[in-house]
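The values are calculated or read from the model by the stated rules, or taken from the named source; none is laboratory data. Since we're looking at a predicted model, the values are computed, not measured. Here the Cβ positions follow ideal geometry from the backbone for every residue, glycine too, while neighbour counts run over all protein chains shown.
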Amino acid sequence: MSAIYLDNRLVHYEVYGRGQPIIFLHSWVGSWRYWVPMMDLVTERYRAYALDFWGFGESDRSNGTNIYTIGAYAEMLVQFINQMGVSRANLVGHGLGGMVAVHAARTHPDRFPRLMLVSTPLRGQIVGDVSRSNPFSRLIGRSSLTETWSKLIRQLPIDNPTIKQEILDDTERLSEQVVKAVQQSVTQTDLLPMMNSLTKTPLLAVYGEKDTIVSPEHANVLNNESDRPHQLLVLPRVSHFPFLEDSARFGRLIMDFLVSQGSPVEIKEQWRRRVSQREYI
């Protein structure tokens, strides 16, 4: 376990490989651990970091809601790369992590040259506007959001039982205070104005075709952003964790995006093959 202190609060992180830095950011459930298969893949060419946001995983769980917001996590990320001696890093963020990535890139565009957003709500308010049949909407107003998230994760099609159990364990360890504070920050955040300011930052937004938590349809606005280097891709037959449900295809998508020179990234059927992974820890 690796850890540093930022603002006198412990931040847990892990790092694999050598090369150009890439940082993986987790969502409103789980922790850094569900990124292990992707970190293992990219270490062929990159130095991969993953950290636990405050309130998650092994990072500080102090009282106070002001540190459990998208803005606070973006500043935490900037402090983290400063502490690591990293001048520039590509970002891959899932859900909440994608929102943090956009916020950080907007305030420090010179530090984060490429962004890959995964299952990320572009307008946080969609979590309150979706129909009652959507599992995400049923989280609103529940007395125990942590318990609700745990039930929802059990229904997701994550084939690897070890990874799924660890996401469940990390989620069940979350305090209700953290979950409510993060949810409030998410619902109050609109990423589109921030993304519109990223006129020179390549951004790839990836969604699962069957995602019942963050529907890919809401991101169709990106198809109209022809004057900006933004792209939307919907992966077929996967849900909210496409990097766990179709790791081979998702891994190739990351690698292609990181080396693309302004041209759109395409999904290729030949990507559907096994990728090597070190034993999951």
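If we keep just the residues of the range 204-221 that are crowded, with 20+ Cβ neighbours inside 10 Å and of a type in the set (A, V, I, L, M), which is farthest from residue 117 (Cα to Cα)? Only one residue fits best here, namely 213.
Residue pairs whose Cβ atoms lie under 7 Å apart, sitting 6 or more positions apart in sequence or on different chains, and linking a residue in the range 156-175 that is farther than 24 Å from residue 68 by Cα to a partner that is among the hydroxyl-bearing types (Ser, Thr, Tyr) and surrounded by fewer than 18 Cβ atoms within 10 Å (Cβ to Cβ), are 162/280; 163/280.
To keep it simple, each residue is scored yes or no on (1) surrounded by 13 or more Cβ atoms within 10 Å (Cβ to Cβ); (2) aliphatic (A, V, I, L, M); (3) modelled with pLDDT of 90 or more.
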residue: 163; (1), (2), (3): yes, yes, no
residue: 180; (1), (2), (3): yes, no, no
residue: 188; (1), (2), (3): no, no, yes
residue: 195; (1), (2), (3): yes, yes, yes
residue: 202; (1), (2), (3): yes, no, yes
residue: 232; (1), (2), (3): yes, yes, yes
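The set of residues in the range 215-232 being farther than 24 Å from residue 153 by Cα and either in a helix (DSSP H, G or I) or of a type in the set (D, E, K, R) (or both) consists of 220, 221, 222, 223, 224, 225, 227, 228. Take the residues in the range 36-58 that are in a loop (DSSP other than H, G, I, E, B) and in contact with a helix residue (DSSP H, G or I) (Cβ under 8 Å, 6 or more places away or on another chain); name whichever of them is nearest to residue 178 (Cα to Cα). By that ranking, first place goes to 55. All conditions but one from (1) touching a strand residue (DSSP E or B) at 6+ places or on another chain (Cβ under 9 Å); (2) over 30 Å from residue 256 (Cα atoms) apply to residue 7; the one that does not is (1).
Could you look through the range 69-118, keep only residues that are assigned to a loop (DSSP other than H, G, I, E, B) and closer than 17 Å to residue 192 by Cβ, and pick out the one that is nearest to the chain's Cα centre (by Cα)? Applying the filter and picking the extreme gives 95. If you check 33, 61 for being surrounded by fewer than 24 Cβ atoms within 10 Å (Cβ to Cβ), part of a loop (DSSP other than H, G, I, E, B), in contact (Cβ under 8 Å) with a residue 60 or more places away in the chain and out of contact with any Leu (no Cβ under 7 Å at 6 or more places or on another chain), only one passes: 61.
Residues in the range 157-214 that are more than 13 Å from residue 99 (Cβ to Cβ), acidic (Asp, Glu) and not in a loop (DSSP other than H, G, I, E, B): 166, 169, 170, 172, 176. Of the residues examined, residue 80 is one that is in contact (Cβ under 8 Å) with a residue 60 or more places away in the chain and within 15 Å of residue 112 (Cα to Cα).
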